[in-house]
1. Using only alpha carbon pairs under 8 Å that are at least six residues apart, calculate the relative contact order of segment 14-71 and give it in whole percent.
2. Scan segment 9-117 for GluC sites (Glu not before Pro) in coil per DSSP, keeping those whose Cβ has at most 15 other Cβ atoms within 10 Å, and list them by number.
3. Where in the chain lies the longest segment free of chymotrypsin sites (Phe, Trp or Tyr not before Pro) that are both loop residues by DSSP (not H, G, I, E, B) and have at most 10 other Cβ atoms within 10 Å?
4. Which angle from 0 to 90°, rounded to the nearest 10, does the C-alpha axis of helix 59-85 make with the longest principal axis of the chain?
5. Taking the alpha-carbon distance from residue 81 and a cut-off under 16 Å, which aspartates and glutamates remain once sequence neighbours fewer than 8 residues away in the same chain are dropped?
6. Please compute the volume of the convex hull spanned by the alpha-carbon atoms of the chain and report it per residue in Å³.
7. Check the straight Cα-Cα distances from residue 109 and name the lysines below 21 Å, setting aside those fewer than 8 residues away within the same chain.
8. Given +1 on the Cβ of Lys and Arg, -1 on the Cβ of Asp and Glu, and no further charges, what dipole in debye does the chain carry about its Cα centre, rounded to the nearest 20?
Amino acid sequence: MRDDKENLIVKLTFEFALKIIEYTEKLRSLKKFEMAGQLFNSGTSIGANTREAQNAESKADFIHKFKVSAKEADETKYWLKLCLYSKFYPDPEKELFTELETIIKVISKILSTSKKYRQ
């Protein structure tokens with residue numbers, strides 16, 4: 001299922017992961033290691049699972065990988081909101097939320113289209 005032309009969701013999730021790395025490094029510098037680890041894991045996993053889906057063994061495997069990406073995106077949103085609303089953490093940039101919402105919408109569309117045309 002791999003196609004080497006530019007893939008929007010792969011690009012979006014890779015760029016988002018880079019921004020998550022940057023934000024979690026900021027958290028680590030403030031000794032917020034637990035939150036940094038949680039956010040790093042979920043935030044970078046979105047792209048890792050999206051990338052894995054590009055080499056899926058079947059349509060069901062493709063859908064499964066994107067379902068995992070969707071779950072990781074939702075978890076990332078949770079950790080970012082905790083940082084936003086806690087007085088003990090630096091506010092994440094609004095751009096992180098905007099990009100995450102875009103990723104969630106694209107993943108949702110991929111899932112709905114894939115399920116619709118499932119064989």
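Throughout, read-outs are computed from the coordinates displayed, never taken from laboratory work. It should be emphasised that the depicted structure is a prediction, and the values quoted were computed from it without experimental measurement. Virtual Cβ from ideal backbone geometry, glycine too; neighbours counted across all protein chains shown.
1. Details: 45 pairs, mean separation 17.5, N = 58.
It rounds to 30 percent for segment 14-71.
2. Numbers: sites: 15, 22, 25, 34, 52, 57, 72, 75, 93, 95, 99, 101; in loops: 57, 93.
Qualifying residues, ordered by number: 57, 93.
3. Details: sites that count: 88, 117.
The longest uninterrupted stretch comes out as 1-87.
4. 20
5. In chain and number order, the partners are 34, 72, 91, 93, 95, 99, 101.
6. 90
7. The qualifying lysines are 5, 11, 59, 65, 67, 71, 77.
8. Numbers: 22 positive and 18 negative charges, 76 e Å.
Roughly 360 debye, rounded to the nearest 20.
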